[in-house]
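Asker: Please read through the structure below; I'll follow up with questions.
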Amino acid sequence: MHVIDGHSHIGNDTFWKNVGDIQEYLKNLEKKGISEAFIMSVACPTIERNDQKVSLLIHGEKNIENDHLRIIKNKDGSITKELIKKNDNPYKEANDLIYNIVTNNSSPIKLNYVPLIHPYYYSYEDFISNLKRGAKMFKIHGIAGGVLPDNISDEFFEMIESLGVSLIIHTDYSKTNDLQMSNSPDAWLNRLSKYNIDVYLAHAARLSENAISTINQDSRYMVGIGPDLLLSRPGRNYIDTNHYLETCLEKFNINKMIFDIDYPWNIISNQDYSLDWDSIDRINSLLSKNEQEIVYNKNIEKITKGKEVRK
Ligand SMILES: [Zn+2]
């Protein structure tokens, strides 16, 4: 069976213990018989530039315009802060890294390039160059980018709509954190509703009952269902469940779910950061062959094939 990982990350994340290492990733995909993947930068990339370590975008709590900074740690230990500017995609270097991996890939696993974009800082040229690189889907990570969906311009969504590409959007849930709740699936679906944009909502839209019913009925939307062990922990979803995978399968129509690993966030638990590669075995035990086919390749192929663009 052709199995596609719909969403995993490569690179160093400023706030995450595990590094996304392409060799480790490919080795484990091969072991599990997974033959294709959509890969993207980690959410909050730190890159090495000459003798510097650069966190490409760090935000404060307020998410006002001058609250988004590039933090450069120089060789002598000093720190330089640069304000992120309009028309300047802060993630360009992280995207280049992913694109180079995809271009130079000699493994038997097919890799697809997914650029990370920031809805406040982007340029039309950047979109076009990423399309020329073969991107069929763009990633938005609201929390890492300090993004409030309600503050994104109409122009941004209109551009995505006119290009006919899909978005993959991280969704959040928290009982206590306002910024996380600003990036809830409900907030995103509300902001997206007037646009003809296909959207892949990560983390099963945190099992929001509102979102589940919208997604099941609306042909624009699908969900990723990983990483199931982490999301089985308390406080991660609107519905508290320690049977996350079973709850996803019970709540979403089969033609709405996409298999994704979310490497290197595919950890056993908040206490144990070792990686889990067995979600495919758990899903296999819960689905018929026909259903597996839909979740492993048909749905992701549908959402990444591109839309007829407006004239
Ligand atoms: Zn992810």
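Every number here is computed from the coordinates shown, using simple stated rules; none is lab data. What you see is a predicted model; the values in this text were computed from it and never measured. Note that each Cβ is placed from the backbone with ideal geometry, even for glycine, and that neighbours are counted across all protein chains shown.
Asker: Would you list, by chain and number, the lysines whose Cα falls below 22 Å from the Cα of Lys27, excluding same-chain residues fewer than 8 positions away?
Answerer: Here the lysines satisfying the reach criterion relative to Lys27 are Lys17, Lys110.
Asker: Over segment 100-175, what is the mean sequence separation of C-alpha contacts under 8 Å (at least six apart), divided by residue count, expressed as relative contact order in percent?
Answerer: Once normalised by length, the contact order is 32 percent.
Asker: Mind checking which of Gln52, Gln180, Gln292 has the largest fluctuation in a GNM of the chain, springs on alpha carbons under 10 Å?
Answerer: Residue with maximal mean-square fluctuation among Gln52, Gln180, Gln292: Gln52.
Asker: Tell me, Kirkwood radius of segment 1-131 from alpha-carbon pair distances, in Å?
Answerer: Taking every pair of different Cα atoms in segment 1-131, averaging 1/r and inverting gives 16.0 Å.
Asker: Can you give me the Cα centroid spacing of segment 118-136 and segment 221-255 in angstrom?
Answerer: If you average the Cα positions of each part, the centres end up 31 Å apart.
Asker: Is segment 67-136 rounded, prolate or oblate when judged by the Cα gyration tensor, a ≥ b ≥ c being the square roots of its eigenvalues, rounded requiring a/c under 1.5 and prolate requiring a/b larger than b/c?
Answerer: In terms of gyration-tensor shape, oblate.
Asker: By how many nm would the segment from Tyr273 to His243 lengthen if fully extended, with 0.36 nm per residue of separation less the alpha-carbon distance?
Answerer: Extra length available between Tyr273 and His243 comes to 8.9 nm.
Asker: Taking the highest mean first, how do the peptides 245-251, 196-202, 67-73, 283-289 order by number of other beta carbon atoms within 10 angstrom per residue?
Answerer: Highest to lowest by the protection proxy: 196-202, 245-251, 67-73, 283-289.
Asker: Around Leu192, with a cut-off of 13 angstrom between Cβ atoms, what is the net charge of the other residues, counting Lys and Arg +1 and Asp and Glu -1?
Answerer: -4
Asker: Then there's this: Given 0.36 nm per residue, what is the gain on full extension from Ser78 to Asn28 after removing their alpha carbon distance, in nm?
Answerer: Result: 14.1 nm gained on full extension.
Asker: Taking amide H atoms as placed 1.01 Å from N in the peptide plane, list the residues 5 or more away in sequence, or in a different chain, whose amide H sits under 5 Å from that of Ile258.
Answerer: Residues meeting the amide H criterion: Val223, Gly224, Ile225.
Asker: Going 7 Å from the Cα of Asp150 along its beta-carbon direction, which residues of segment 161-177 have the amide nitrogen within less than 14 Å of the resulting point?
Answerer: none
Asker: Can you give me the C-alpha center-to-center distance between segment 167-217 and segment 1-52, rounded to a whole angstrom?
Answerer: Value for the Cα centre distance between the two parts: 24 Å.
Asker: If a/c stays under 1.5 just call it rounded; otherwise compare a/b with b/c (prolate if a/b is bigger, oblate if not). Do that for segment 175-292, with a ≥ b ≥ c from the square roots of the Cα gyration tensor eigenvalues.
Answerer: In terms of gyration-tensor shape, oblate.
Asker: Ordered by residue, what ³J(HN,Hα) values in Hz, to whole numbers, does segment 72-84 give under the Karplus form 6.51 cos²θ - 1.76 cosθ + 1.60, where θ = phi - 60° and Gly and Pro are x?
Answerer: After applying 6.51 cos²θ - 1.76 cosθ + 1.60, I find 10, 9, 7, 4, 7, x, 6, 10, 10, 10, 10, 6, 6 Hz.
Asker: Stokes-Einstein at 20 °C, 1.002 mPa s, Kirkwood radius from Cα pairs: D for the chain in µm² s⁻¹?
Answerer: 109 µm²/s
Asker: Could you work out which residue, out of Leu230, Leu148, Leu275, moves most in a Gaussian network model of the chain, that is, has the largest mean-square fluctuation with Cα springs under 10 Å?
Answerer: It is Leu275.
Asker: Between Lys92 and Ser213, what length in nm is gained on full extension when 0.36 nm per residue of separation is reduced by their alpha carbon distance?
Answerer: 40.0 nm
Asker: Taking 8 Å as the Cα distance limit and 6 or more residues as the minimum spacing, I'd like the relative contact order of the chain as a percentage.
Answerer: 17 percent
Asker: Cut-off 10 angstrom, C-alpha nodes, Gaussian network model of the chain. Which of Ile22, Ile169, Ile117 fluctuates the most?
Answerer: Greatest mean-square fluctuation among the candidates belongs to Ile22.
Asker: I need the shape label for segment 263-311. Rule: rounded when a/c is under 1.5, else prolate if a/b > b/c, else oblate, with a, b, c from the alpha carbon gyration tensor.
Answerer: Oblate shape, in that a/c is at least 1.5 and b/c is the bigger or equal ratio.
Asker: Sticking with this structure for a sec: Enumerate the calculated ³J(HN,Hα) couplings along segment 111-125 in order (Karplus 6.51 cos²θ - 1.76 cosθ + 1.60, θ = phi - 60°), each rounded to whole Hz, writing x wherever the residue is Gly or Pro.
Answerer: Values per residue, Gly and Pro as x: 10, 10, 8, 10, x, 8, 10, 10, x, 9, 10, 6, 9, 4, 4 Hz.
Asker: What is the packing order of peptides 123-131, 185-193, 76-84, taking the mean over residues of other C-beta atoms within 10 Å and listing the highest first?
Answerer: The peptides rank, most packed first, as 185-193, 123-131, 76-84.
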